[in-house]
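**Student:** One structure coming up, written as structure tokens, with questions to follow.
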Amino acid sequence: MGNFLQVLIDGLLNGLLYALVAAGLSLIWGVMDVINFAHGEFLMVAMYLSYWLGFLLDIDPFISWIAGGIFLFLLGAVTYRLIIKNSLGKAAMAPLLATFGLSMLLKNFCMNVFTPNFRLLSGNWLEGRTIAFGGAIVPLPQLVTALFAFAVLGVLYWMLKKTRLGWAIQATAMDKEAAELMGIDTERIYLLVFGMGGACVGIAGSLMTSYLAVYPEVGGLFSLIAFVVVALGGFGSIPGALLAALLIGLVESFSGFYIAAVVKYVAVFAVYLGVILLRPRGLFGW
Amino acid sequence: MPPMLEVKNISCSYDEARVITDLSLEIRAGEIVAILGANGAGKSTTMRAIAGLLHPEKGSVLFEGEDITNLPASQVIRRGLCYIPEGRRLFSRLTVRENLELGAYTESSREAIDQRLEEVFAMFPILKARSAQRAETMSGGEQQMCAIARGLMSEPRLLMLDEVSLGLMPSLVEKVFETVVEIRRKGVTILIVEQMVQEALEIADRGYVLQTGKLVTSGTARELLDSDEIRKAYMGM
Ligand SMILES: Nc1ncnc2c1ncn2[C@@H]1O[C@H](COP(=O)(O)OP(=O)(O)OP(=O)(O)O)[C@@H](O)[C@H]1O
Ligand SMILES: [Mg+2]
């Protein structure tokens, strides 16, 4: 029973993190029909940022997430301006290949500058701290990261549903031309959406640095999971991404514990294939 | 006084294919002007060019004396010129209320927006009752009311209506035309495209007739209504 609870908690905590990693991808996809292939590398950049801020300046990841969010917002916005904007409206593959190129650039840049070594930040505020909960042990860095992720998703969702800016973003996604007729500068909305997508994954990356090691390839697995989450959750849906991410987190932890650690991603992708075969628009898609 | 809107010798194409050739028209403040023509004549394209959704390759568009030929649509609306496009184009998964709020996107004062909401709710009480409903779940007629109301939320000085009566039952068509007259009475100048040629000319002051992107006739509504040619070509009489 204690094991079950532990596995459940681990799955939920990971799931919340995956949800935040996936939210930015989902938002960009939902509004602009663009797949940001550099999403995982954005995560890696934020992790390196928080790692070095912690290592050199002693700034804890639970502070430096602000820097991660801002820096990745800017990186997202710059990516839109310099790469995406020019590839929109061309061949459908153009933004995909362009962001794929960016991901290679970022990865190899970090490989060269920071070496392929794993780097784990030590001396964090919450390092090694846990709380006991009904026989399970909950590591605090994971718990706080998950709660942060949930809060950021909540703010994002509220912004999209309840503010004029959020309606303008949704309107741009539904009918770009009609949105322009309302006076909405859709160029600005695209820039903002790319920035916000970057900020979400940036905050996630920074927070993760409190318990996960950073290395140039770290984005690969996370972006794969994010793609699965977005496809399962329905493009552009934040609640969909949240539920799908929790599902993926649970499948991963339960299969990893009750079957074997090596099969956990096999199980994740099996669930993905199963759902996509039965419901091509995802579990919660339109 | 110079006209409110002057379209001077514009030509427009969609990738190579010329659809508007050397078209000129004028609208004076306070008028209702109709653009008539068969399907594919270029009526919507003309309105899209005025609204800034596409830019003519030749000619110019002046609104209240200002050259708006190459302004993007999101700027044109800020000048007080609103286009209600063909086919309603509501934001389907947003509520009626949210659609209307976006109609006033260029207005930042909360009081002003609330006041406009009250005005359009007074004009279309059904929208008040449906304000929390998603736009896509309303009937076609209600959606058309919503599209008109959304346009009015920007408080335009010139309103362009593109086939707003399309697909409505006769009593609703009548209601739409009454609404147009009421909007004009409030001081809004109107440019209207309609399949209901007879009805449109009955409320209009003047009309322009297009054929394959060219102006073929123009005149007062009375002249056009009395013209045998027009009656034959567009009213089936
Ligand atoms: N996006 C487009 N791409 C290519 N051609 C277009 C496009 N939109 C319109 N056209 C063409 O331009 C011409 C004029 O179209 P337009 O929509 O302006 O006509 P209309 O007078 O509004 O017709 P209707 O009464 O059917 O609405 C048509 O021949 C049409 O096929
Ligand atoms: Mg048309």
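The values are calculated or read from the model by the stated rules, or taken from the named source; none is laboratory data. Owing to the predicted nature of the structure, the values given are computational and were not obtained by experimental measurement. Positions of Cβ are backbone-derived with ideal geometry, glycine not excepted, and every protein chain shown enters the neighbour counts. When the accessible area is computed, the model is the full protein with side chains, heavy atoms only, and any ligands, DNA or RNA have been set aside. Shrake-Rupley method; radii C 1.70, N 1.55, O 1.52, S 1.80 Å.
**Student:** For the stretch A:178-286, what does the alpha-carbon gyration tensor say about shape, rounded, prolate or oblate, given a ≥ b ≥ c as the root eigenvalues, a/c under 1.5 as rounded, and a/b over b/c as prolate? Walk me through the numbers before you get to the answer.
**Tutor:** Working: a/c = 3.08, a/b = 1.46, b/c = 2.11.
It is oblate, given that a/c is not under 1.5 and a/b is not larger than b/c.
**Student:** For chains B and A, what's the summed buried accessible area, probe 1.4 Å, to the nearest 100 square angstrom? Working shown, then result.
**Tutor:** Numbers: alone 11210 and 13440 Å², together 22630 Å².
Result for this pair: about 2000 Å² buried.
**Student:** Shifting gears a bit: Residues of chain B: accessible area per residue at 1.4 Å, in Å²? Don't skip to the answer; put the middle values down first.
**Tutor:** Numbers: 10260 Å² over 237 residues.
Per-residue accessible area for chain B comes out at 43 Å².
**Student:** For the stretch A:20-217, state the average projected area of the convex hull of the C-alpha atoms over all orientations, rounded to one decimal in nm².
**Tutor:** Hull-based average projected area comes out at 12.4 nm².
**Student:** What are the residues of the stretch B:37-74 that lose 50 Å² or more of accessible area, with a 1.4 Å probe, going from their chain alone to all protein chains?
**Tutor:** B:Leu53, B:Ser74
**Student:** Taking accessible area as the heavy-atom solvent-accessible surface of the protein chains with a 1.4 Å probe, which residues of the stretch A:171-196 lose no less than 10 Å² upon going from the isolated chain to the full protein assembly?
**Tutor:** Listed in order, they are A:Ala171, A:Met174, A:Asp175, A:Glu177, A:Ala178, A:Glu180, A:Leu181, A:Met182, A:Gly183, A:Ile184, A:Asp185.
**Student:** Moving on. In whole percent, what relative contact order does the stretch B:92-154 give with Cα contacts below 8 Å and a gap of six or more residues? Intermediate values should be presented prior to the final figure.
**Tutor:** Details: 63 pairs, mean separation 35.8, N = 63.
Result for the stretch B:92-154 is 57 percent.
**Student:** Along the stretch B:198-209, what does the Karplus equation 6.51 cos²θ - 1.76 cosθ + 1.60 (θ = phi - 60°) give for ³J(HN,Hα), rounded to whole Hz, x for Gly and Pro?
**Tutor:** My calculation for the stretch B:198-209 gives 4, 4, 5, 5, 5, 9, 7, 8, 9, x, 10, 10 Hz in order.
**Student:** Let me ask you something else. Would you kindly derive the ³J(HN,Hα) couplings of the stretch A:198-212 from the backbone phi angles with the Karplus curve 6.51 cos²θ - 1.76 cosθ + 1.60 (θ = phi - 60°), listing them in order in whole Hz, with x for Gly and Pro?
**Tutor:** x, 4, 4, 5, x, 4, 4, x, 4, 4, 4, 4, 6, 9, 10
**Student:** Here's something else I'd like to know. Helix B:140-152 against the longest principal axis of chain B: what's the angle in degrees, Cα atoms only, rounded to the nearest 10?
**Tutor:** Helix B:140-152 sits roughly 90 degrees off the main axis of chain B.
**Student:** Report ³J(HN,Hα) in whole Hz for each residue of the stretch B:44-58, in order, from the Karplus equation J = 6.51 cos²θ - 1.76 cosθ + 1.60 where θ = phi - 60°; Gly and Pro get x.
**Tutor:** 5, 4, 4, 5, 5, 5, 5, 6, x, 6, 9, 10, x, 7, 9
**Student:** Probe radius 1.4 Å, ligands and nucleic acids ignored: give me the carbon and sulfur share of the accessible area of the protein assembly as shown as a rounded percent.
**Tutor:** Details: 13680 of 22630 Å².
Accessible surface attributable to carbon and sulfur in the protein assembly as shown totals 60 percent.
**Student:** Shielding of A:234-247 by partners, i.e. mean partner chain Cβ atoms within 10 Å per residue? Before the final figure, lay out each step's value.
**Tutor:** Working: counts 0, 0, 0, 0, 0, 0, 0, 0, 0, 0, 0, 0, 0, 0.
Per-residue shielding by partner chains comes out at 0.
**Student:** Can you give me the relative contact order of the stretch B:35-185 as a percent, contacts being Cα pairs under 8 Å and 6 or more apart? If you can, show how the numbers build up before the last one.
**Tutor:** Working: 177 pairs, mean separation 41.1, N = 151.
27 percent.
**Student:** Pull up all non-local amide H partners of B:Thr217: gap of 5 or more, or a different chain, and H-to-H distance under 5 Å with H placed in the peptide plane.
**Tutor:** It is B:Val209, by chain and number.
**Student:** For the protein assembly as shown, with only Lys/Arg (+1) and Asp/Glu (-1) charged at the beta-carbon, what is the dipole magnitude about the Cα centre, in debye rounded to 20?
**Tutor:** Numbers: 42 positive and 47 negative charges, 194 e Å.
Its charge dipole is roughly 940 debye.
**Student:** Using the crude model of +1 on Lys and Arg Cβ and -1 on Asp and Glu Cβ, and no other charge, please compute the dipole size for the stretch B:92-154 relative to its Cα centre, in debye to 20. List each step's numbers first, then the result.
**Tutor:** Values: 8 positive and 9 negative charges, 42 e Å.
Computed charge dipole of the stretch B:92-154: roughly 200 debye.
**Student:** Provide the per residue accessible area, probe 1.4 Å, for chain A, rounded to a whole number of square angstrom. Mind showing how you got there, number by number?
**Tutor:** Working: 12370 Å² over 286 residues.
On a per-residue basis, chain A sits at 43 Å².
**Student:** Once the convex hull of the alpha carbons of the protein assembly as shown is built, what does its volume come to per residue, in cubic angstrom? Write down the numbers at each step before the final one.
**Tutor:** On the way: hull volume 95.3 nm³, N = 523.
So the per-residue Cα hull volume is 182 Å³.
**Student:** Now for a different question. Translational D (Stokes-Einstein, µm²/s) of the stretch A:18-66 at 4 °C and 1.567 mPa s when Rh comes from the Kirkwood sum over C-alpha pairs? The partial results should precede the final answer.
**Tutor:** Numbers: Rh = 12.0 Å.
Answer, rounded: 108 µm²/s.
**Student:** How big is the gap, in Å, between the Cα center of the stretch A:138-202 and the Cα center of the stretch B:119-189?
**Tutor:** That distance is 31 Å.
**Student:** Now a separate question. Percent relative contact order of the stretch A:20-217, based on C-alpha pairs within less than 8 angstrom and at least six residues apart?
**Tutor:** Working: 289 pairs, mean separation 90.9, N = 198.
Worked out over the stretch A:20-217, it gives 46 percent.
**Student:** List for the stretch B:85-116: residues with 20 Å² or greater reduction in accessible area, all protein chains versus chain alone, probe 1.4 Å?
**Tutor:** Flagged in the stretch B:85-116: B:Arg89, B:Phe91, B:Arg93, B:Leu94, B:Glu98, B:Glu101, B:Leu102, B:Tyr105.
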